[in-house]
Each structure stands twice: as structure tokens, then as C-alpha cells.
Amino acid sequence: MSRRVLAIGAIGAVAFFFWALSVSESQTQRFTFQNDAEGWEAIPSSKAATLSAIADASAAAGHALEVRYRVERGKIVGLRHPVDGVKGTGVRVSVKTDTATVVVLGVIEKDGSAYNKPVITAAGEWQDVSAPFAEFQLADNSKDENGRIDPDQVRTLMILDAAGLVPQGGSGQRRLWVANYEISSQPEAAATKTAAGEWNFETTAEGWIAIPPPGGARVQLSVVNVRDNPAVGSGALRIAYRVEKKKVAGVLRQVNRFDGAGVRTFLMTRAPTVVVIGLIERDGSSYHHPVQMAPDEWREIDLRLQDFSLAEDSKDENGRLDPDQVNALVIADAAGFLPDADGDRELLVGKYEIVSAAAAATASTSANSTGGGEHAGTGYVPLVTTGLASASGARATKGISYPGGKFGQGVLADAPGELVAVPTRGLGRDEGTIELWVSPQFDMTNVRDFTGIVTMHPEPFAAGFKSSLLVFYSKDQKIVFLTNADSERAVSTERLNWKAGEWHHLAVSWGPRGNRLYVDGRVAAENRRGAPPGAIAPDVVLGNQTWTLLSQRFADTVIDEFRMSSVQRSDRDIETSAGAKGPLTSDDRTVALEHFDGSPSPPLMLAAEGTPFHPHVPGKAATLTVVAPDKFPSGTSLKYTISTPTGAVVHSGEETAPAGRDRIGVTMTAPDSTGFYRVALRLERGGDVLNVGDDWFRIERPEATPRAGETSRFFGGAGSSAASHDDEEFFRLAAAAGVRSARLPFEWAEIEPRKNEFVWDRYDRIVGWAKRYGIELVPTLFWDNPQPAWAGKGKANALSDDIYPPENLNAWTDFVQHVVARYKNDIQWWIPVNEPNLSRYWYPRPDATAYVALLRVTREAALRANPDAKILGLSVSGIDLKFLEDAFKAGALNYVDAVGLHPYRAPRGPDERVPLQMFNPNASRGTLREGFQAVRRLMDKYNGSQKKLWVDELGQPYREDFVLPNWSVPEATAAAYLTKVYVDAKAAAIERVLWFSFWGDYGSFALVKPDGTPTLPFVAYRAAADRLGTAMVTGEDTRAADIRSVRFSSPTESTEVLWSVQGTTDVALQAGERAFDLYAAGRIVSLQHRQELRRNAVVQCHRLCGKRRWQWR
């Protein structure tokens, strides 16, 4: 799994050549051009341009200076005016050109230092420019001793058309108009004129121009008719170009500000690529959002401002996107930054629209809906179930408890996924304060790194990471306050020596005085340049990480008296709160105040009964025990509804809740059909809802029936963190789920932190649990963590995730030999390195030959330690045919027993023909099955036909909680993808598929939630494992051309799995067949019943074999 985010360079400003002028004294600070040019003259001479003052009703003051000139390649044309210093801090001016171009505002100091401010103009539109001198940049060919404009040293004012220096800048006669030029003391207060919020490209480019060099490639612009997609409209802007390395090819549009909450546009490319949607601020800060494009398909892009993230090579003073500072919109193909991209390309831009806040909110709600529940689409949706919201809107997850607090009770999150979410209504972005009392339940010497105390982070992750607020414990015994992931501006305490159970007051604030962190009423750290959070999420989370992929980083800290304010409170205010002898109170600046005296309530849930997933026998009397977080009040009733995973209700009822007790038994006849069922719970009194909850239980076959898949290792799981596996619960859940293989890291730096000093405790525990629960481990020796410092280089730099590969092969082989020898009785398969075809894990660039050298010594060391050891090699990201062939040429197949693939294609399904190496849009395209076949052909070509082929990592998230954008699909779609993957893999003779992940890793990638409850993908996983685990493939693709069909056979039954590849198709069931959905939920149907197949509705048809009498319904 790679966490690399494509970095596209900021669009570079054009460099201009200036020259000093002889100065005549002038004190004029404003030019209205009512009668003449007022001392302005042409550059380079009056022969090149003619000036005239004209009356123009559309100009700011009713008059303008008109300049007529001819554009010549390599030359600049424009105006200059001598001055003897200026009195002000910037320039206000209105400019208009008859052709879209780049106009440069410039000043030259006495020593010749030249500063400029480029302005992109649209044809025929007045552009009101307000440019503080702080936004002017020193010309590339100019030097200045102090690096800033000194107003009293300014000797020349300039206005230039740079078309002669810009490729595709044009030539021939041009006109430029200038009106109301003023040296202002408050340029930032100038009135602005926002460009139109929608461009349809029906007849013209509407002011969009080519991105200039050095960042922009040469392009040709034209407008074309569009008829294949009514939503796009009738016209599109066509951008034709040849790929140039390290350059983007695209267009930009000058605006004065961004009046909206998001962007909507339609794009189509003629080749697979990554297109960047960008916004550039006046200071050059570049924010962008990458979009992966398939060829010849219109794609509608809906983005919120939070979806844009600061370019990695760009800096912003406050670390957030400021809409009123945006002065350019960008659309660009980033093919020049992609491997193997070349040739002529074409990008079509349909309608481009700046959408309103209401429209963006609607799109956001739709995109981030999790498919139901009490809180779907309303603020932060925790990964696990919450109880009924309190009067203030706060919500608590399962497992939250209320022990003694600082005053009364406090709230405690002490298990994965546990948290409290508090609404942020009324909290502003520019300033605020958060105060709370904390009592860690551990000594600070035992603190876990990056455990969340207070976190705020909007999804999707990739954008929210840049708009976040975090207060967390760090492994060096500190508390850190971090906004917008800007570690350079983070503030932290000194090392703390707190003891378990101590109470301390904690506060953070942001605003005019920067970012401030307080401990026990005193300032512990501050950063005057600290930035407020880039966006305010709907909720702030207490006791854990907001990010679902870090839901195991719970605080294990009692929190009390939480107050959130809309202002940056004074040091005295914080000191007063810390010294209070009782609960905090609310004032007109308070937006949230939680005392946590038993509220909000955690959800209702099913009681843990020793075996995961609450199993019951089909058709027998069953009792579900419902547990409440508190004792039932008198006069209450429990209502429950039991449904299939798809929502079909199979049973409902109501029971009187026993007053004074905290649990009630619900007795029913278990459903006849095996599989998972969801139970929705509501506690009511007099029509009022007191609490809610939902949980799952499983109907299993009678013990007399052997469980298919019980001995199969085809079904497995993968996880990238040893910490998430360092818990017996992981293996208990995995065994109950049918997981028979588990891939996880055995990190070198953790096992051998110092040369020849080995630390085995964690891995001894993990190996022992795996053995106890019958799960085969497949460790990866070099994954997320860099090699030990003593062995070689670590990360590429302090802020990078990129890591160098093992360099000291002697040290590496010694480590391999030690770890394989220690676990030779328990572990057979070993993976040397994760995804060596990515620079993320093999910095600075992948090297197949070097990888094979490491592969060879790894195998030799492993076999010395254990002659029965097996090597799973390659483990490449995607289906990277080029890297695989390079490695095979170098002899890789001689040193492996199996080849590993990580064929991610999110958010595309297995049936879609997409680039097989998803991080390279120019890679060969195909379905997942075609990718498997291509690798097999390549292995055969290099005499590797006897080697096994594994999918040792593949997953699909169902919410935007991954570090790469646009990976998610709805939860039900993720479940369908999983089933298709396992069926395709089985049909292609793949040895094993290890799904990423099973539990505890990467949020919605995980099949099981942090609280142990299933997801829809997990329900599908277990159904497939039960039916197909040990079954043999007997045939495929016989129903119809547009239906994918694979037939399996086991000693007890035959199973056909089928789905429609495109659209919806009906099929007639044959005699003896029964149809079930991918979750194993279904019913007996009559013969010749027509079963509807949809694109992501996988159906299993079963025919009983032999003398078995049981039926799976």
C-alpha cells in the first residue's frame, strides 16, 4: 500500500527583464488620464507604441489611457513613468486588453532592483487589480540587498504586456487600456470584480489562456462542438499539446477572488493521465486536486474547497486556501510528471462552474454518505455506531464510559474506535479556543505515539489532512498542537512526567496571537506565525483520532469540562478556567460546553457472548441479549428490527424493558437462511426516543455440516501495522471470520534497533496467538518503517514517507537469518520488501536489478536458517508489467517460490478496463482477470510457469478516509468488488488473496470495524469463504455475453457465481437451482424464476449434490 500523493509543481511566474531609467522628480500618486498620458511613455519607444487618453464610460473614472502596439517575439511592450519615491504600500489599477495575455505591473528601485506582479487578463474585460507591494516578486534576473520593495527608493512605475515572451502569446497589433492608476496606502481594500462564475466554451475560450512557462508546456487552444454528453453542453475548450517532461499542459483563468464553495467541471482526455484542478492565490500559493482520467470518457468533477491541498513544492503563510485571495483558476494535464508519458495529447474541458455553498454541500453530502444510520450525511460520521445525540448534538460510540471526572463525571475512550463527537456550530475559522480537563490513565513514560486527545478533520482525508486541528500525545512524552499538517508551525510542551490518574488543565487557541498551547493555566508553547485550521469540520472529536484510519489511536484519558469558544481567549481567561473550583460555565462566546456527567449516551448493543459475531443455529429458538449503557428507566420499551444486509426486514418486535436493569433478552426463531443479519434497536418511552443502536448477529450451519473454507488458505487478510496485530482479539476475530492467512510487517528497525540487539517480545506474542488460532503468518520484513539508523539511510527527509532500501546487505542478511531461524517452526513464507516498484519504498527511484540482488541474498539467508522457508517476491504495487519484466530479466524468478501482486484499481471495479498499474495512467489497460493473465504470460516467458501467483494485498475503502483522494465507493459496491476479486482470482488459479485489511488498519479498508462489528464487505467475504474456500473451478462464462459466470464444485454442492458486466440482465434459473445474493441472503424461488442481475449485484446459484440434506437459504 502506497501513501504517495502526486505532487504537481506550482505554476511558475514569468521572469521579465527591466532596466533603470533616468529619473525626473514627480510626486503624483494617482493618474486618471482625463486629458493626456500624464507623464507615462511607451516602452521601448514611441515608435513601438502610440498613447492616447480617451473617454471610456466603462472605465473606473470614465477615462482611460489607450496603448496601441505590435507584439514581437522576445520583446516586451508597455508603459513606464518616472517617480522619485512613492507614498503607499501598493498599487490599485484597472486594466483591459483586447486579447487574453499576461500584463505585468512593475516597479524599479534606484539601484536597479526590479519587482513585478503578473496579472492574467481576459479579452475585452476590465480587470480591477489591487496589489500590495508584498505581493510583488523580485525579477529572476534581478538582485536586491534586502529582498523587499522600499517605497522611497522606487524610481520607475511600469505596465507591460508580456505576450512577446510567452509561448502562444500571439503576435500582431494589440491594444491595452489603463485606468485610474493609484499608489495606495490600503491596496488590499480595493474594490474587486469577480469574474463570471460559469464558463460554457460554446464559442470562445472565454478568457482562459495557456499556462505560461516555465511550468507550462506549449499548447494550442480551440473551441469544439460536443454532442456525446448533454450534461456537458454544446461546446468544449480543446487543449492540444505534446507532453513535455516536468511541465504541465493546460489553461488558467484570472479572477479577482473565488466567490463560491466549490468547483464543478467536465473533463475528457484522449489518453489515460492525471489532470490537476488548481487554484492559485495572489502570493503564488498553489492548491490543487489531482483527478485520474481514463481515455475518451467524460468525467464530471465536483470539488469542495476542502478537497484542494497545498502543493508539496508550494508554501502559504497561513497554510490554508483563502477564497478571497484566489486570482487564478487552473486546469492542467500532469502527464509531464508521469512515467512513460509522451506524444501528442488532447484535453477537453466542458462546462466549468464555481458552485455556491448550498450546491457544494449537496454534492458533499451525496459523495460522503455512508449508506444509512442515524447520522448519515450530517457532520462527522464515526466508523462505529453512536447512540442518540444529546440535546447539544454530542454523540458517543460503543464502549464509552463515564468514570469519576474533575467535577462529577468525565468521559473515557479506552478502546479502538471509541470517541465522542461534539458539534462545532458557531466556531469560526479565524479564531477559537478549546479548553478541557484531562487525566491520562497511564504514566507519560508509557505514552503511545500520535494518540488523539482533541481532533478535527473533515473528510475526504487527502483534503482534510491539510485543514485539520490536532491535539495529541507524542511518543516523546509531549502534547502537540498541530494545524493543517504543518509540522513546521506545530507547538508542543516540554517532556511531561505526568502519572496515571493525575488531573491537568489543557487548552489550545488560535487567532490574532498565533497558535497557543496551555498546560495548567500557563502558556506552555506558542507560535506567533501559527495558522488557524484551514476549514472547520462539522464536529470535533474527543478521545481518539477523527481519521477513521487511525481509529486505534485512542487517548485512554478521562476528559471533563470541555468548552469550545468562538474567540481566542486571553491568557487571563485560561488561567481563570484552570483555577476554577467547579464546572465551567457558558458565556456569549461559548459554542459548546460539555460536562460529561453521563451524557451523551453510548448506543444500545448486543451483549458479548464469548464467540465473535453472536452466532445462532438456523430455524432454532434464539435469544439476543441487548445491553444498555445505563439501567433502563421505568416505563420504557425496546423496539427492534432484524433485516438482511440489503435491508429486507425478516423480523421485528417490541419488548417491555425491565426497569432498574441494563439488559433484556429478545427471544425469536432464528432465520432459516445462514449469513449475517443486522438488528436495529430503539429505546422509547411515551413516543420519545431515549437511545438507539445497531449490531449484527450470524446464523451458522449446524455443527454436523463441515464448513467449506475451514482449511483453505486462499482467503486471507493483510495489514500494514504490527501494532494492530499485537492484540489477541485480532486473531480471535480472524479465526471466527474464516481468515486463514495474515500478512503483516516484521519491521527490521523494531526487531533490531541496535546492531546485534534483538527485541522479540511483540513478535513472540503475535506468533503465539497466530498459532493458537490456526492462522498462518506471512511476514514482510521491510514495509513502512525505514531501516535501523545504524544500518543505513532512513527517510528521504524529515517530512517525507519515502524510505531508502536496505543498503548494507551483510547487515540485512544477518537480520533475515536471525528472524527466520527464530520462527522456523511457525512461519514458512516470507516477503522481503513491500512494493519495491514505488519510490515510496525504494528511494530515490525503483531499481529492479538492485531489488533482485536483495532478493537473492534474502533467499540464501532464509534457507540457511530454515531449509523449508519460502520466499514470496516482488509484491509490486499494481500490475506493473515493466518492473516485473525487468526483475524477471535480472533473474528474480530464480529466487522466489511465488510472485506477489497488489492490483489496486480503486475506485474502479474488477470488470473495468483500467491501467493495470494504477499510479501510471499510461500503463497497459485491462480488467483484473486480464491483468492476471498478462502476468502469467510474462512468468511463462521467463521460465516461471511453475511458480505460484499471489495477490498478497488488495482492498477497497467505502469512505474517503485514505490518504489518496477519490478511492471510495459505496459500502455495498465495495462488497461486490470483493466478491468479484475472489471469484476472478480463483478462476485464474491465484494461490491466495490477502484482503487489505482485516481489522485495525486504514479505516474503511478494514473488513471488521474497530469495535468488532462487520462491514458489508466482510459479510460478503465470509459468504464467499464459506461457499468457495475449498471448491474447485469447473467452468465459466456460459450464460450470456454480458454476464460473468464462474462455476464451482465441492463434495456437497455446485455453485455458480454470476453478475452482469454492464447494465441489468435477467436470467432464468434452471431446475434445482436456488439464487442468493453475495451476502448469502436469499429465498427458495420457483423454477424458471427470472432473477434480475445488476452490475454490482453478485448472485450465487446453488445446486445440492450427493446425499447431504441441509439447505442453505
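The values are calculated or read from the model by the stated rules, or taken from the named source; none is laboratory data. Small disclaimer: the values here were computed from a predicted structure and weren't measured. Neighbour counts are summed over all protein chains in view; Cβ atoms, including those assigned to glycine, are modelled from backbone coordinates with ideal geometry.
Might you check whether a residue that is more than 22 Å from Pro44 (Cα to Cα), without any contact (Cβ under 8 Å) to a residue 60 or more places away in the chain, outside any strand (DSSP E or B) and small (Gly, Ala, Ser) occurs anywhere in segment 135-147? Yes, because at least one residue in segment 135-147 is more than 22 Å from Pro44 (Cα to Cα), without any contact (Cβ under 8 Å) to a residue 60 or more places away in the chain, outside any strand (DSSP E or B) and small (Gly, Ala, Ser). Only one of (1) of a type in the set (Val, Ile, Thr); (2) exposed (fewer than 13 other Cβ atoms within 10 Å of the Cβ); (3) part of a loop (DSSP other than H, G, I, E, B); (4) not assigned by TED's automatic domain parsing to the domain that holds Ala524 fails for Thr585. Which number is that? In the conditions (1) of a type in the set (Val, Ile, Thr); (2) exposed (fewer than 13 other Cβ atoms within 10 Å of the Cβ); (3) part of a loop (DSSP other than H, G, I, E, B); (4) not assigned by TED's automatic domain parsing to the domain that holds Ala524, Thr585 misses (4) alone.
What do you reckon, is Arg1027 surrounded by fewer than 22 Cβ atoms within 10 Å (Cβ to Cβ) and under 18 Å from Tyr1079 (Cα atoms)? Spelling it out, Arg1027 is indeed surrounded by fewer than 22 Cβ atoms within 10 Å (Cβ to Cβ) and under 18 Å from Tyr1079 (Cα atoms). The set of residues from segment 39-77 being of a type in the set (Gly, Ala, Ser) and under 15 Å from Leu160 (Cβ atoms) comprises Ala42, Ser45, Ala48, Ala49, Gly74. Cβ-Cβ distances below 6 Å connect the following pairs, each with a first residue in segment 628-639 that is of a type in the set (Phe, Trp, Tyr), a second residue that is buried (at least 16 other Cβ atoms within 10 Å of the Cβ), and a separation of six or more residues or different chains: Phe632/Ala657. Hey, among Thr445, Thr433, Thr451, Thr424, which residue is under 30 Å from His288 (Cβ atoms), touching a residue at least 40 places away in the same chain (Cβ under 8 Å) and among the β-branched types (Val, Ile, Thr)? After ruling out the rest, the residue left standing is Thr424.
Can you confirm whether Ala580 is more than 30 Å from Pro658 (Cβ to Cβ), crowded, with 20+ Cβ neighbours inside 10 Å and of a type outside the set (D, E, K, R)? For Ala580, the condition - more than 30 Å from Pro658 (Cβ to Cβ), crowded, with 20+ Cβ neighbours inside 10 Å and of a type outside the set (D, E, K, R) - is not met. For Gly428, state whether it is surrounded by 24 or more Cβ atoms within 10 Å (Cβ to Cβ) and either farther than 24 Å from Asp630 by Cβ or touching a Gly at 6+ places or on another chain (Cβ under 7 Å) (or both). Answer is no for this residue.
If you go through segment 470-491 and keep only what is within 22 Å of the chain's Cα centre (by Cα), assigned to a strand (DSSP E or B) and not polar (S, T, N, Q), you end up with Leu470, Val471, Phe472, Phe481, Leu482.
Taken as a whole, the structure leaves Phe998 outside the set of residues that are more than 25 Å from Thr644 (Cα to Cα), crowded, with 24+ Cβ neighbours inside 10 Å and not charged (D, E, K, R). Does Phe932 satisfy being outside the structural domain of Val275 (by TED's automatic domain parsing), among the aromatic types (Phe, Trp, Tyr) and either closer than 28 Å to Gly343 by Cα or in a loop (DSSP other than H, G, I, E, B) (or both)? So Phe932 does not fit the description; no.
For segment 592-605, give me each residue that is surrounded by 21 or more Cβ atoms within 10 Å (Cβ to Cβ) and assigned to a strand (DSSP E or B). Those that are surrounded by 21 or more Cβ atoms within 10 Å (Cβ to Cβ) and assigned to a strand (DSSP E or B): Ala592, Glu594, Met605. Tell me yes or no: at least one residue of segment 958-981 is in contact with a Leu (Cβ under 6 Å, 6 or more places away or on another chain), under 30 Å from His289 (Cα atoms), outside the structural domain of Val275 (by TED's automatic domain parsing) and not in a helix (DSSP H, G or I). Yes, that holds for at least one residue. State the number of residues belonging to segment 921-939 that are modelled with pLDDT under 90 and surrounded by 21 or more Cβ atoms within 10 Å (Cβ to Cβ). Looking only at that region, the number is 2.
Scan segment 118-134 and give yes if some residue there is at pLDDT 90 or above and either in contact with a Gly (Cβ under 6 Å, 6 or more places away or on another chain) or part of a loop (DSSP other than H, G, I, E, B) (or both), otherwise no. There is no residue in segment 118-134 that is at pLDDT 90 or above and either in contact with a Gly (Cβ under 6 Å, 6 or more places away or on another chain) or part of a loop (DSSP other than H, G, I, E, B) (or both).
Just one of Phe998, Phe1076, Phe1018 is among the aromatic types (Phe, Trp, Tyr) and at pLDDT 90 or above; which is it?
On the way: Phe998 fails: at pLDDT 90 or above; Phe1076 fails: at pLDDT 90 or above.
Exactly one residue qualifies, and that residue is Phe1018.
In summary, Arg743 fulfils each of the numbered conditions (1) within 30 Å of the chain's Cα centre (by Cα); (2) closer than 19 Å to Lys398 by Cα; (3) in a strand (DSSP E or B); (4) of a type outside the set (A, V, I, L, M, F, W, C) with the single exception of condition (2).
Please go through segment 537-550 and pick out each residue that is modelled with pLDDT of 85 or more and either among the β-branched types (Val, Ile, Thr) or over 19 Å from the mean Cα position of the chain (by Cα) (or both). Val540, Val541, Leu542, Gly543 - these are the residues of segment 537-550 that are modelled with pLDDT of 85 or more and either among the β-branched types (Val, Ile, Thr) or over 19 Å from the mean Cα position of the chain (by Cα) (or both). Can you confirm whether segment 821-839 contains a residue that is out of contact with any strand residue (DSSP E or B) (no Cβ under 7 Å at 6 or more places or on another chain), on the phi < 0 side of the Ramachandran plot and assigned to a helix (DSSP H, G or I)? Checked against the condition, which is being out of contact with any strand residue (DSSP E or B) (no Cβ under 7 Å at 6 or more places or on another chain), on the phi < 0 side of the Ramachandran plot and assigned to a helix (DSSP H, G or I), segment 821-839 yields at least one hit.
Of all residues in segment 64-90, those being out of contact with any helix residue (DSSP H, G or I) (no Cβ under 8 Å at 6 or more places or on another chain) and either among the acidic types (Asp, Glu) or farther than 26 Å from Phe133 by Cβ (or both) number 5.
Does Tyr115 count as within 16 Å of Val154 (Cβ to Cβ), in the same structural domain as Asn35 (by TED's automatic domain parsing), part of a strand (DSSP E or B) and of a type in the set (Phe, Trp, Tyr)? Here the answer is yes, as Tyr115 does meet what is asked. Every test in (1) modelled with pLDDT under 80; (2) out of contact with any strand residue (DSSP E or B) (no Cβ under 7 Å at 6 or more places or on another chain); (3) exposed (fewer than 15 other Cβ atoms within 10 Å of the Cβ); (4) more than 25 Å from Gly262 (Cβ to Cβ) is passed by Pro230 save one, and that test is (4). Among the residues of segment 955-975, are any more than 29 Å from Val384 (Cα to Cα), surrounded by 22 or more Cβ atoms within 10 Å (Cβ to Cβ) and modelled with pLDDT under 90? Within segment 955-975 (the criterion being more than 29 Å from Val384 (Cα to Cα), surrounded by 22 or more Cβ atoms within 10 Å (Cβ to Cβ) and modelled with pLDDT under 90), the answer is no, since none of the residues qualifies. Restricting segment 80-131 to residues that are charged (D, E, K, R) and closer than 19 Å to Ser184 by Cα leaves a set whose member that is surrounded by the fewest Cβ atoms within 10 Å (Cβ to Cβ) is Lys87. Across segment 1044-1066, the number of residues qualifying as surrounded by fewer than 21 Cβ atoms within 10 Å (Cβ to Cβ) and over 13 Å from Val983 (Cβ atoms) comes to 11. For segment 118-159, residues that are polar (S, T, N, Q) and more than 26 Å from Ala100 (Cα to Cα) total 3.
When segment 1028-1065 is filtered for residues that are touching a residue at least 60 places away in the same chain (Cβ under 8 Å) and more than 34 Å from the chain's Cα centre (by Cα), the ones remaining, listed by number, are Thr1030, Ala1031, Val1046, Phe1048, Ser1050, Thr1052.
Hey, does segment 759-779 have a residue that's among the acidic types (Asp, Glu), part of a loop (DSSP other than H, G, I, E, B) and in the same structural domain as Thr858 (by TED's automatic domain parsing)?
To start, the set of residues in segment 759-779 that are among the acidic types (Asp, Glu) comprises 761, 764, 776.
Filter once more, so that each one left must be part of a loop (DSSP other than H, G, I, E, B): none.
Within segment 759-779, none of the residues are among the acidic types (Asp, Glu), part of a loop (DSSP other than H, G, I, E, B) and in the same structural domain as Thr858 (by TED's automatic domain parsing).
Scanning segment 227-259 for residues that are in contact with a Ser or Thr (Cβ under 6 Å, 6 or more places away or on another chain) and part of a loop (DSSP other than H, G, I, E, B) yields Asn256, Arg257, Asp259.
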